[in-house]
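The values are calculated or read from the model by the stated rules, or taken from the named source; none is laboratory data. None of the values given here were measured: they were computed from a predicted structure. Cβ placement follows ideal geometry from the backbone for every residue including glycine, while neighbour counts extend to all protein chains displayed.
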Amino acid sequence: MVDSSARGIGSTVLGYPRIGPRRELKRALEQYWSGALDAPGLRKVARQLRLDTWSDLAGRGLDSVPSNTFSYYDQVLDTALLFDAIPQRYRDLGLTGLDTYFAMARGHAEVGALELTKWFDTNYHYLVPEIGADTKFTLVGDKPIAEYQEARSAGVETRPVLLGPVTFLLLSKGVDGFVPLDALDSLVDCYASLLGQLAAAGVAWVQLDEPAFVADRSDAELAALGRVYSRLAGLSRRPQLLVAGYFGEFGPALPVLAETAVEGIAVDLVAGAGAVSQIPLIPGLRSKTLVAGVVDGRNIWRTDLRTAASTCARLRDAVGDIAVSTSCSLQHVPYDLAAETSLDPSVAARLAFARQKVDEVVSLGKDASIVAPEGVGRVRRDLDVRARIAALRPEDRRRVAYPDRAAAQAARLGLPPLATTTIGSFPQTSDIRKARADLRTGQLGEADYEGRMRAEIERVIRLQEDLGLDVLVHGEPERNDMVQYFGELLAGFAFTDNGWVQSYGSRCVRPPILHGDVSRPAPMTVPWATYAQSLTSRPVKGMLTGPVTILAWSFVRDDQPLGVTADQVALALRDEIRDLEAAGIGIIQVDEPALRELLPLRAEDRQAYLDWAVNAFRLATAGAAPSTQIHTHLCYSEFGDVIKAIDGLDADVTTIEAARSKMEVLADLATIGYHRGVGPGVYDIHSPRIPNTDEMADLLRAAVEAVPASRVWANPDCGLKTRNYTEVEPALRHLVKAAQRVRASL
Ligand code: GLN
Ligand code: ZN
């Protein structure tokens with residue numbers, strides 16, 4: 001047994017938010033980028049945020065406070081710069097260190113930014129390092145050491161957090177066929193020097209994050225993990241090493257790490273609860289500190305302290321020493337529940353944000369046997385919804401066979417082959433945004449607001465008629481965000497005033513809190529859709545957000561399976577579709593851009609997820625009449641494991657991104673026998689570039705070679721809300737012309 005008082009970790013968190021409790025860093029960054037703040041000014045704001053965080057964490061009683069969890073933009077980018085992994089095109093800009101960093105994050109003049117992608121299965125996004133044969137890793141930075149010293153000068157002893165070398169390379173992208181993991185040895189040399197320097201600076205513990213190992217990994221990758229940590233643990237001058245895995249179970253990586261001489265291993269016992277039974281079976285853990293992540297770092301519910309304490313108690317005998325922690329960094333939850341004054345008290349009573357979670361960890365760490373009484377508020381229950389869920393039958397998720405639906409829809413809609421449409425939103429002008437903001441603050445009355453929105457809808461309808469589009473949309477001017485809009489109109493959701501979470505860089509989101517049974521007190525989109533349809537004889541497409549996407553971009557309840565929550569949302573959407581149909585809307589799109597985002601990290605968990613996700617979508621849509629055409633929209637084209645699910649959704653038309661990948665997705669859809677309508681995007685809306693008629697016609701020609709023209713739609717890749725009219729108008733004009741041209745040649 002290791003003497004925990006001499007060397008233990010006690011209570012800790014794996015990381016902390018850094019954007020600032022009032023988004024101070026966001027504002028400072030944006031001022032710096034616009035030239036309104038200079039570099040020393042930005043550094044001052046950053047330093048103050050770090051000092052405030054350390055003193056708060058230490059003051060609340062954490063035994064071990066993390067450092068190097070601050071970032072100006074992203075911790076993966078920080079790691080790339082620490083080891084000099086800077087692609088030549090950024091070096092050539094000749095900028096200062098800080099501006100090179102921001103050039104990699106955001107692009108500079110002609111040089112684009114590094115690719116941005118999702119951090120595992122969270123809504124945080126990291127910048128993808130580029131590693132090639134000419135990348136020469138060198139320890140050039142001192143951020144972890146400088147921040148350690150900064151904290152120490154302020155009287156707080158900290159545990160620097162580093163992204164582990166194996167995960168860093170697994171998250172990187174190889175340039176010109178280079179395999180990043182082939183550079184592991186030289187990168188580990190740099191980590192070895194860094195550990196030496198940290199030890200010399202007085203650091204007692206270092207945390208190395210290896211979350212890539214909660215996903216499926218090859219034997220070679222597992223062996224590399226073992227090799228790296230055996231080597232680092234064998235260094236003569238180094239701090240004690242804590243290797244952290246989160247967002248799931250370490251699984252086979254756990255015995256590999258247990259065999260190395262690292263002193264500590266942090267496991268996620270929330271997303272990876274199976275580790276509780278695995279840990280006692282691994283003898284190597286008996287000599288190590290186990291950092292038990294029993295407080296959920298990703299969700300906002302109060303911890304059931306009794307259960308958490310008993311989990312720790314169960315593990316205590318199986319390991320050398322136990323410390324209490326969050327399951328992952330707290331960067332995925334908002335700072336402080338105390339900043340919320342307008343939340344329903346019965347909802348607030350169930351919540352814990354980052355600061356409250358620190359208190360939970362501290363109280364669990366002090367004496368796990370004496371924990372505060374539960375006092376957790378009650379979930380909003382809706383017996384009608386529960387009864388409906390209980391009474392669901394398989395046929396509630398089934399429509400009549402597609403050929404019959406297709407015939408009924410063709411007869412009703414009479415659309416040409418290569419029918420033209422858009423994905424839903426039109427550019428959101430500053431006038432529209434202002435009207436929405438003024439409604440919120442009360443500066444604009446309901447009736448005036450409605451008048452503004454109607455005027456905008458009319459304008460957008462007239463524009464689409466003028467452009468010659470076949471299926472119109474109302475343009476979504478009334479929507480701030482495709483999930484928040486519905487959350488605000490559904491019962492069972494709550495919204496925060498300050499609950500910001502970093503999405504990437506300075507961009508933050510305030511996810512809705514899905515806290516109780518979901519129901520729809522009143523129609524949500526019907527008046528807008530009906531008004532739009534009243535203006536034109538062409539079909540107007542109703543526009544809804546699907547159940548999976550609503551869950552993916554909210555904090556969701558953890559007291560029932562996600563599939564049940566998704567079904568509750570689906571029932572609300574099903575009712576909305578019924579009301580839209582009754583109002584004469586013949587085409588309804590249910591967006592599911594997040595379908596792939598929730599895909600579990602381990603392959604063995606994927607089918608169960610896809611089953612409930614697909615089922616919820618079908619529950620939402622299967623009540624529609626055969627003559628109602630159901631569309632869905634997915635934002636990407638690399639489906640991988642999800643491709644079969646697209647067929648499972650059973651939508652009549654699926655619109656997807658395809659412009660950049662040159663229609664490749666059509667071949668993928670063919671392999672699964674997809675035989676319904678498809679709208680491969682021919683206009684890449686993520687770029688300000690205006691595509692010309694020829695190139696869109698070429699893409700459409702490629703499409704009709706792969707799929708019969710009667711099933712092909714001509715549309716952009718995604719919604720138009722982030723573009724402006726000077727781009728959108730000509731682009732859509734070209735799109736309509738391209739469709740007409742290809743139609744004529746059929
Ligand atoms: N209907 C939405 C829009 O057009 C879809 C957005 C999305 O796919 N993310 O804005
Ligand atoms: Zn999209």
Task: Residue under evaluation residue 10, criteria (1) modelled with pLDDT of 95 or more; (2) buried (at least 19 other Cβ atoms within 10 Å of the Cβ), criterion not met - done: (1)
- [ ] Report whether or not residue 407 is surrounded by 12 or more Cβ atoms within 10 Å (Cβ to Cβ), free of Cβ contacts under 8 Å to residues at least 60 places away in the same chain, farther than 23 Å from residue 531 by Cβ and more than 16 Å from ligand 1 (Cβ to nearest atom).
- [x] yes
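Residue-wise test of (1) hydrophobic (A, V, I, L, M, F, W, C); (2) more than 16 Å from ligand 2 (Cβ to nearest atom); (3) closer than 22 Å to residue 595 by Cα; (4) in the same structural domain as residue 543 (by TED's automatic domain parsing).
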| position | (1), (2), (3), (4) |
| --- | --- |
| 649 | yes, no, yes, yes |
| 684 | no, no, yes, no |
| 688 | no, yes, no, no |
| 707 | yes, yes, no, no |
| 716 | no, no, yes, no |
| 729 | no, yes, no, no |
| 744 | yes, yes, no, no |
Task: Filtered residues of the range 470-491 (kept if buried (at least 23 other Cβ atoms within 10 Å of the Cβ) and farther than 19 Å from residue 527 by Cβ) - done: 471, 483
Open item on the list: For the range 573-587, check the following and say yes or no: at least one residue is within 16 Å of ligand 2 (Cβ to nearest atom), in a helix (DSSP H, G or I) and more than 15 Å from residue 679 (Cβ to Cβ).
Closed with: no
Task: Of all residues in the range 171-202 being without any contact (Cβ under 8 Å) to a residue 12 or more places away in the chain and assigned to a loop (DSSP other than H, G, I, E, B), the one that is farthest from residue 136 (Cα to Cα) - done: 177
Task: Count - residues of the range 622-660 that are away from ligand 1 (no atom under 15 Å from the Cβ), under 18 Å from residue 546 (Cβ atoms) and touching a Ser or Thr at 6+ places or on another chain (Cβ under 8 Å) - done: 2
Open item on the list: Could you check the range 559-599 and list, in sequence order, the residues that are modelled with pLDDT under 95 and more than 16 Å from ligand 1 (Cβ to nearest atom)?
Closed with: 559, 599
Open item on the list: When the residues of the range 561-592 are narrowed to those that are over 11 Å from residue 620 (Cα atoms) and of a type in the set (Asp, Glu), which ends up surrounded by the fewest Cβ atoms within 10 Å (Cβ to Cβ)?
Closed with: 581
- [ ] Could you run through the range 661-686 and say how many residues are within 13 Å of ligand 1 (Cβ to nearest atom) and out of contact with any helix residue (DSSP H, G or I) (no Cβ under 7 Å at 6 or more places or on another chain)?
- [x] 4
- [ ] For the range 470-485, state whether one or more residues are of a type outside the set (Ser, Thr, Tyr), within 16 Å of ligand 2 (Cβ to nearest atom) and in a strand (DSSP E or B).
- [x] yes
TODO: Scan the range 435-453 and give yes if some residue there is away from ligand 1 (no atom under 13 Å from the Cβ), in contact with a Pro (Cβ under 9 Å, 6 or more places away or on another chain) and acidic (Asp, Glu), otherwise no.
DONE: yes
Task: Residues that are over 14 Å from residue 399 (Cα atoms), touching a residue at least 60 places away in the same chain (Cβ under 8 Å) and of a type in the set (S, T, N, Q), drawn from the range 610-642 - done: 632
Open item on the list: Between 55, 34, which is without any contact (Cβ under 8 Å) to a residue 40 or more places away in the chain, surrounded by fewer than 16 Cβ atoms within 10 Å (Cβ to Cβ) and among the hydroxyl-bearing types (Ser, Thr, Tyr)?
Closed with: 34
Open item on the list: I'm checking my understanding of the structure. Among residues of the range 717-728 that are touching a residue at least 40 places away in the same chain (Cβ under 8 Å) and over 23 Å from the mean Cα position of the chain (by Cα), which one is nearest to ligand 1 (Cβ to nearest atom)?
Closed with: 728
